[in-house]
Every structure is written in C-alpha cells, then in structure tokens.
Amino acid sequence: MAIGIGLLGLGTVGAGVAAILSSPEGRHPLVGDLALRRVAVRDPGRARAVNLDPTLLVTDPTLVVDDPAVDIVVEVMGGLEPARSLILRAIAAGKSVVTANKAVIARYGEEIAAAAAARGVYVLIEAAVGGGIPIIEPLKQSLGGNRIRRVSGIINGTTNYILSRMADEGAAYGEVLADAQRLGYAEADPAADVQGGDAADKIAILAGLAYGGSIERAAIPTEGIDRLDARDVAYAKELGYVVKLLAVAERFEASASTATTASPAAATDSVLGLDVRVHPTLLPRAHPLAGVHGVNNAILVEGEPVGQVMFFGPGAGAGPTASAVVADILNIAGIRQLGAPAGALDPLLAASRWRQCALVDGTRTRHRNYVRLLTRDEAGVIGKIGTAFGTAGVSIQSIVQYEASGAGRNGGGGGGAEIVVITHEVEESRFRQALAAITAQPEVETVAACLRTL
Ligand code: NAP
Ligand code: HSE
C-alpha cells in the first residue's frame, strides 16, 4: 500500500527529494511505495528544479501536515518558525517526521523528541548533519557499543568550499561565497555558515547522540571564517598546516575534583563534562581531515574500543541531502510495512538520552595554539615573548619572525615584525595569562590572530 509523503518546502533539498520519489526505478523497492501527496511552498509561481503536478502545491503548510493522505511529514523549509510548530503539529497528529533542519533540532531537539516519544512516532534527522554522509544513524546504532572520546569534523560544506577555493585558486572570498549560494550549499542567510553557527548546530546534535545527553546550544564557543586573514592561511601553509573550520566535541579528561563547569547541573559526578567548540583550526597536512576539500565534509569519531572511524562525503547540495532525507523516509516506511504496533518505537532509531552532559569551563580545556603578533622589529622582542610564555607555563613548539607589511603605530611608516608562535598543548587559562603578559609589553603592538592548532 502506498505511503503518503507531505513535503514542507520545494527548494534545494525539497526538489532533490521530489526528484528521487518521482524516479523510483533502480532504487530500493520501497521507494516505489512512496507517494507525494502535498507540497508547501511560499511562491507557487516560481520555476522549480523538478517537474511536479502543480495541483500538489499549497502555500499554507498546515494543509500538508493536516492532510489525512499524508503519513510522513518531511520538513525541508528551514528556519526556526514555523518549522518547529509544524513538526510538533505533525507529531501531535501521530505522524512521523523527517527533517534536515539542524537549527530547529539543535535548539528544540529535546522538546521535539519528548513529544515524539509520548506520541509513539519517529523524528529522523540524518540530513541535518553532513549532507549525504550517514553519520546520525551510525552514531545512534552502529557505534552504540563504544565509549566515545571525541567527535571532530568538517561539517559545513559552504565554508570548506570557500576555504578550499581560496587556498587552491587564490579566489576572492565574496566571489566564492556567491558560487556556494548559487550551487545551493549555503543557508538562506549565509551568515550561519561563515560565522560558524551552522557547524555549532550540527556539533550540538552530534554531541547529543555520541554522549547521550543534550548540551546548551547557545553556550558553544563559536568562531567562523569571516574574520580569518588570508595571511594566516598562507603562514599556516608555510609551516606545514592547512586551515579548516573544525567542530569538536570531546570528553573533558580532568579529574572530577578539578573540573569546574559552566552549568550548575554539572556540579555532580553524574554529569559528563564536554569540551564542544567550533573554530578555524590549523591541521597538520598529514591529519586525516586535512585532505577534505570543496563541499565535502568528514567526521572523525574516536572511541573505545573501535579506535578511529572517519565518515566522508558531500556535505551539502540537493542530491546528497535528498539521499539522506529519503533514507530516513525509507526507515519509517519499512517499520510501517512491518505493521509494528502503534506507539512501539525502536529505541535505537528513536535515539534516547541516558545521561546529563554539560559544557566545561573553557579556561580549563587544553589546546595547541597559533598566535600572530605584530611587534617592533628590535633586539630582544622574541626573547621577551618567549619568557612571557615560559613564565605562564606555556611551552613553545615553534617561533618564526616575518617582516611585517603596512604601517604600524610604532614606526609610523611600518617596518615592524610579525611573529608567529605555535604552542604545545596547554590549559587555556595559562595561554591567556601569557597573552596578557605579552600584550602588556611596549614592543608588542597587537595580537593579530589567534587560532587553534591540532
Ligand atoms: P531553500 O532552497 O531556501 O528552500 C526552502 C523551501 O521552503 C522553499 O521551497 C520555500 O518556498 C519553502 N518555504 C520556506 N518557508 C515557507 C513557508 N513559511 N511556507 C511555505 N513554504 C516555505 O532551502 P534548502 O537549501 O532546501 O534547505 C532546507 C532545509 O534543509 C534547511 O533547514 C537547511 O538548513 C537544510 N539543509 C540544507 C542543505 C543544502 O545543501 N541546501 C543541506 C542539509 C540541510 P519557495 O520555494 O516558494 O520560496
Ligand atoms: N549550509 C550547509 C552547509 C548545508 O554548507 O554545510 C548543509 O547542511
């Protein structure tokens, strides 16, 4: 018997989904059982990337959710509202939901999951992270026997596309961003991509699945590529690194007695402390994530006993994202076809939370750092910088001086120095203490860049 599908949105992703549903030949036989019943759009007159019966289109999305012929609601409209309310409305009507909307899931995932569990329906989100890469279901199911130590990845296709083209072709930032928008990679407001918010949404979702507890999305330290200086990309290259926008979620390794946390809930031993963050990062050229270029994403999962596993593939765009959406639809359709009793949910597919997690105080976390300082070019400056790092207990891996270009406050016509330091791993509080001491020195004009290094 046909399973009715209602689409909320027929943009990049929605059109990709509709294209798969309208050409079932050669795909899993269940695809042939899926029937597109209604599609919500804002502007029915707009040209579409897929040919559909125009009578399917409506402008009121509640008509899709409420249609009795729609069994599964697919939310690919984006934004927080009305997307969140429509998802909750579908759940209340006893309909399972598939969504690619990481912004909604990162903020309202707990509310939505609780509503779905109470109503006995699924909300599946494979397309919300990593585009066409299967990562949600592997974390929920295939890797469930592991203690996850770290999940790190390149999980924004737009920024990886921009960084790759800037590094490979010397292309201009604005031009490449416009290409990413034209190709359907970027969010409706690309600030979410370039300022790191989209990657923060996605790492919040991955952390929830990997560690079994939600974290506060708004508290994730987030830095994008919008303020990244091409000089640092060039210096990183000279020093044997590539710069990528990385999202990381890792267990905080300090002993429970020394760990302080950002949340009052984290004061108990039963709460798992996590270091979750998004920032441009220098990766050694040999690192498995350093070779991920263009719109591709990759997620490296490190756990015990599995070791390291890496998931790689196209992270955005119509086809890859639709591939993930349709996989979720098929999971729900398969369960429906088995005739599972109403309200009986597969706990792995439904993804339960089993403990409390909280972000740790950022000053207690440990990282390697890249710093670029603008200084006077005179004897003893490097020595003073080295001493300031040493006094704070920060060990230096390398220190290089370049001739600075442009005017500086010290010399009027420029001619200062640029000093690039890479540190060994150190607690953030010590690193900040060293930077404060360095910037207090009269020879140091400014900290021009400060990036994390793996
Ligand atoms: P999009 O191209 O902007 O498409 C959005 C669609 O939703 C459009 O068809 C739009 O109608 C419709 N829509 C928006 N608000 C509506 C409303 N209030 N009522 C009725 N229709 C409405 O967006 P997209 O790139 O497909 O992304 C959709 C979702 O998937 C977002 O959550 C995004 O984060 C996520 N996602 C996107 C990608 C990607 O590569 N693009 C990858 C993974 C996840 P009109 O066409 O008439 O304007
Ligand atoms: N704008 C997102 C990206 C789409 O570039 O990764 C995929 O989630």
So, Ala172, is that one among the aliphatic types (A, V, I, L, M) and open to solvent by 30 Å² or more (accessible area, probe 1.4 Å) or not?
yes
Pro134: passes all of (1) more than 12 Å from ligand 2 (Cβ to nearest atom); (2) within 19 Å of Gly317 (Cα to Cα); (3) of a type outside the set (A, V, I, L, M, F, W, C); (4) within 13 Å of the chain's Cα centre (by Cα) but (4)
message = Given the condition within 13 Å of ligand 1 (Cβ to nearest atom), open to solvent by 20 Å² or more (accessible area, probe 1.4 Å), in contact with a strand residue (DSSP E or B) (Cβ under 7 Å, 6 or more places away or on another chain) and not assigned by TED's automatic domain parsing to the domain that holds Gly307, answer yes or no: does some residue in segment 127-144 qualify?
response = yes
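Yes/no per residue for (1) of a type outside the set (A, V, I, L, M); (2) under 30 Å from Ala417 (Cα atoms); (3) assigned by TED's automatic domain parsing to the domain that holds Leu7; (4) out of contact with any Lys or Arg (no Cβ under 9 Å at 6 or more places or on another chain):
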{"site": "Leu272", "(1), (2), (3), (4)": "no, no, no, no"}
{"site": "Gly294", "(1), (2), (3), (4)": "yes, no, no, no"}
{"site": "Glu302", "(1), (2), (3), (4)": "yes, no, no, no"}
{"site": "Gly334", "(1), (2), (3), (4)": "yes, no, no, yes"}
{"site": "Ala351", "(1), (2), (3), (4)": "no, no, no, no"}
{"site": "Leu374", "(1), (2), (3), (4)": "no, yes, no, yes"}
Residues in segment 114-138 that are part of a helix (DSSP H, G or I) and closer than 15 Å to Asn331 by Cβ total 7
* Asked: Right, Gly16: in contact (Cβ under 8 Å) with a residue 12 or more places away in the chain and either open to solvent by 40 Å² or more (accessible area, probe 1.4 Å) or within 16 Å of ligand 2 (Cβ to nearest atom) (or both) or not?
  -> yes
In the set Arg42, Arg37, Arg46, the lone residue that is among the charged types (D, E, K, R) and surrounded by 13 or more Cβ atoms within 10 Å (Cβ to Cβ) is Arg37
Exactly one of Ala92, Ala106, Ala100, Ala115 is among the hydrophobic types (A, V, I, L, M, F, W, C), open to solvent by 10 Å² or more (accessible area, probe 1.4 Å), free of Cβ contacts under 8 Å to residues at least 60 places away in the same chain and under 30 Å from Leu359 (Cα atoms), and that residue is Ala115
Residues of segment 182-212 being free of Cβ contacts under 8 Å to residues at least 60 places away in the same chain, surrounded by 23 or more Cβ atoms within 10 Å (Cβ to Cβ) and charged (D, E, K, R), in sequence order, are Asp193
Of the residues in segment 74-89 that are closer than 18 Å to Val326 by Cα, within 16 Å of ligand 2 (Cβ to nearest atom) and of a type outside the set (D, E, K, R), the one that is surrounded by the most Cβ atoms within 10 Å (Cβ to Cβ) is Val74
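Which of the residues that make up segment 182-200 are farther than 20 Å from Arg227 by Cβ and either in contact with a helix residue (DSSP H, G or I) (Cβ under 9 Å, 6 or more places away or on another chain) or of a type in the set (Ser, Thr, Tyr) (or both)?
Leu183, Gly184, Tyr185 - these are the residues of segment 182-200 that are farther than 20 Å from Arg227 by Cβ and either in contact with a helix residue (DSSP H, G or I) (Cβ under 9 Å, 6 or more places away or on another chain) or of a type in the set (Ser, Thr, Tyr) (or both).
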Arg46: over 19 Å from Ala327 (Cβ atoms) and not assigned by TED's automatic domain parsing to the domain that holds Ala188, yes or no?
-> yes
In segment 346-380, anything surrounded by fewer than 19 Cβ atoms within 10 Å (Cβ to Cβ) and hydroxyl-bearing (Ser, Thr, Tyr) is listed as Ser352, Thr363
Filtering segment 148-164 down to residues that are open to solvent by less than 50 Å² (accessible area, probe 1.4 Å) and not aliphatic (A, V, I, L, M) yields Ser152, Gly153, Asn156, Gly157, Thr158, Thr159, Asn160, Tyr161, Ser164
Notebook entry, point to check: Any chance segment 304-323 includes a residue that's among the aliphatic types (A, V, I, L, M), modelled with pLDDT of 95 or more, more than 20 Å from the chain's Cα centre (by Cα) and away from ligand 2 (no atom under 16 Å from the Cβ)?
Noted result: yes
Flagged pairs (Cβ under 6 angstrom, 6 or more apart or on separate chains; first in segment 331-354, in a helix (DSSP H, G or I); second surrounded by 11 or more Cβ atoms within 10 Å (Cβ to Cβ) and of a type in the set (Val, Ile, Thr)) are Ile332/Ile72; Ala333/Ile3
(1) within 27 Å of Met166 (Cβ to Cβ); (2) not in a helix (DSSP H, G or I) all hold for Pro320 apart from (2)
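The values are calculated or read from the model by the stated rules, or taken from the named source; none is laboratory data. Nothing here was measured: the structure is a model prediction, and the numbers come from that model. No Cβ is skipped: glycine too gets one built from the backbone with ideal geometry, and neighbour counts run over all protein chains shown. Remember, those area values only see protein heavy atoms, side chains included, never the ligands or the DNA or RNA. Shrake-Rupley method; radii C 1.70, N 1.55, O 1.52, S 1.80 Å.
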